[in-house]
Amino acid sequence: NAGVTQTPKFQVLKTGQSMTLQCAQDMNHNSMYWYRQDPGMGLRLIYYSASEGTTDKGEVPNGYNVSRLNKREFSLRLESAAPSQTSVYFCASSDWEGNLGTGELFFGEGSRLTVL
Amino acid sequence: AQRVTQPEKLLSVFKGAPVELKCNYSYSGSPELFWYVQYSRQRLQLLLRHISRESIKGFTADLNKGETSFHLKKPFAQEEDSAMYYCAPYTGRRALTFGSGTRLQVQP
């Protein structure tokens with residue numbers, strides 16, 4: 001019963017390097033999300049995909065790109081990493097019904113990224 | 001601007017004391033509200049949602065539309081309640097906005 005799986009769990013990058021965070025869910029959820037968690041700032045939404053084939057910007061999208069590869073997978077790419085992108089990244093999924101749905105997000109374990 | 005505020009970064013109480021984690025929002029209309037919790041070395045998970053009027057692990061949360069607040073309360077804190085708590089209003093667009101979080105520390 002994996003739920004939401006994200007890889008890698010840890011990564012150290014140099015400024016300017018690129019990388020992709022992978023996320024997969026096995027709950028057949030329509031919606032998937034990427035958040036970043038920073039001390040004192042809580043979780044901030046980077047991008048989300050309300051359904052397969054769509055993606056939308058969240059609160060802090062600059063410096064990131066996403067791909068909803070299929071219903072299961074949603075990847076987050078940093079094209080040119082910057083120290084300000086040092087953070088813990090969380091992927092989540094949910095199954096919204098109508099406008100409200102259940103509201104329950106299921107989270108991955110997080111990916112700790114350090115950009116030197 | 002629409003936002004959610006959790007004014008306390010850290011709340012430290014003794015075991016058995018009452019707990020109130022504050023959450024204020026400034027959204028127009030009537031957002032649906034949720035509390036999420038992250039225990040040490042565990043995933044972030046849903047604690048309770050306003051629409052269900054439920055009590056989970058002894059916690060309750062009352063929506064006060066006049067004060068635009070959704071404070072989380074528990075009459076007697078337990079050590080296992082120590083965690084990071086996030087208030088999250090849902091305002092549409094199928095995405096949740098999270099507050100900055102409050103770390104609850106329950107001391108023995």
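Against the numbered list (1) touching a helix residue (DSSP H, G or I) at 6+ places or on another chain (Cβ under 8 Å); (2) surrounded by fewer than 17 Cβ atoms within 10 Å (Cβ to Cβ); (3) closer than 30 Å to residue A:6 by Cβ, residue B:32 comes up short only at (2).
Only one entry of B:95, B:88, B:77 meets the criterion of being touching a Gly at 6+ places or on another chain (Cβ under 8 Å), free of Cβ contacts under 8 Å to residues at least 12 places away in the same chain and of a type outside the set (Phe, Trp, Tyr), and that entry is B:95. Annotation for the range B:45-52: no member residue is out of contact with any Leu (no Cβ under 7 Å at 6 or more places or on another chain) and touching a residue at least 40 places away in the same chain (Cβ under 8 Å). Annotation: of all residues in the range B:84-95 being small (Gly, Ala, Ser) and assigned to a loop (DSSP other than H, G, I, E, B), the one that is farthest from residue B:106 (Cα to Cα) is B:92.
The residues of the range B:1-20 that are more than 12 Å from residue B:105 (Cβ to Cβ) and surrounded by 11 or more Cβ atoms within 10 Å (Cβ to Cβ), listed by number, are B:2, B:3, B:4, B:5, B:6, B:7, B:16, B:20.
For residue A:5, state whether it is within 21 Å of residue B:97 (Cα to Cα) and either touching a Lys or Arg at 6+ places or on another chain (Cβ under 7 Å) or touching a residue at least 12 places away in the same chain (Cβ under 8 Å) (or both). Explain how you work it out, then say what you get.
Values: within 21 Å of residue B:97 (Cα to Cα): no; either touching a Lys or Arg at 6+ places or on another chain (Cβ under 7 Å) or touching a residue at least 12 places away in the same chain (Cβ under 8 Å) (or both): yes.
It is false that residue A:5 is within 21 Å of residue B:97 (Cα to Cα) and either touching a Lys or Arg at 6+ places or on another chain (Cβ under 7 Å) or touching a residue at least 12 places away in the same chain (Cβ under 8 Å) (or both).
On the stretch given as the range B:3-26, residues that are away from chain A (no Cβ under 11 Å) and in a loop (DSSP other than H, G, I, E, B) total 9.
Do you know which residues across the range B:36-81 are within 23 Å of residue B:107 (Cβ to Cβ), among the basic types (Lys, Arg) and within 13 Å of chain A (Cβ to nearest Cβ)? Selection gives B:41 alone. So in the range A:12-29, with the set limited to residues that are among the polar types (S, T, N, Q) and not in a loop (DSSP other than H, G, I, E, B), which one is nearest to residue A:94 (Cα to Cα)? Among residues in the range A:12-29 that are among the polar types (S, T, N, Q) and not in a loop (DSSP other than H, G, I, E, B), the one nearest to residue A:94 (Cα to Cα) is A:25.
When the residues of the range B:82-102 are filtered to those that are surrounded by fewer than 23 Cβ atoms within 10 Å (Cβ to Cβ) and more than 10 Å from every other protein chain (Cβ to nearest Cβ), the one that is modelled with the lowest pLDDT is B:91.
Candidates in the range B:58-81 are the residues that are surrounded by fewer than 20 Cβ atoms within 10 Å (Cβ to Cβ) and of a type in the set (Lys, Arg); of these, the one that is farthest from the chain's Cα centre (by Cα) is B:65.
Could you tell me whether residue B:55 is among the small types (Gly, Ala, Ser), touching a residue at least 12 places away in the same chain (Cβ under 8 Å) and either closer than 18 Å to residue A:43 by Cβ or out of contact with any Leu (no Cβ under 6 Å at 6 or more places or on another chain) (or both)?
Working: among the small types (Gly, Ala, Ser): yes; touching a residue at least 12 places away in the same chain (Cβ under 8 Å): no; either closer than 18 Å to residue A:43 by Cβ or out of contact with any Leu (no Cβ under 6 Å at 6 or more places or on another chain) (or both): yes.
Answer is no for this residue.
If only one of A:72, A:44, A:36 is buried (at least 21 other Cβ atoms within 10 Å of the Cβ), under 20 Å from residue A:104 (Cα atoms) and among the charged types (D, E, K, R), which one is it? Give the derivation first.
Working: A:72 fails: buried (at least 21 other Cβ atoms within 10 Å of the Cβ); A:44 fails: buried (at least 21 other Cβ atoms within 10 Å of the Cβ).
Within the list A:72, A:44, A:36, the selection yields A:36.
The values are calculated or read from the model by the stated rules, or taken from the named source; none is laboratory data. In this text the structure is predicted, and so the values were computed from the model without any measurement. FYI the Cβ positions are ideal-geometry reconstructions off the backbone, even for glycines, and counts take in every protein chain you see.
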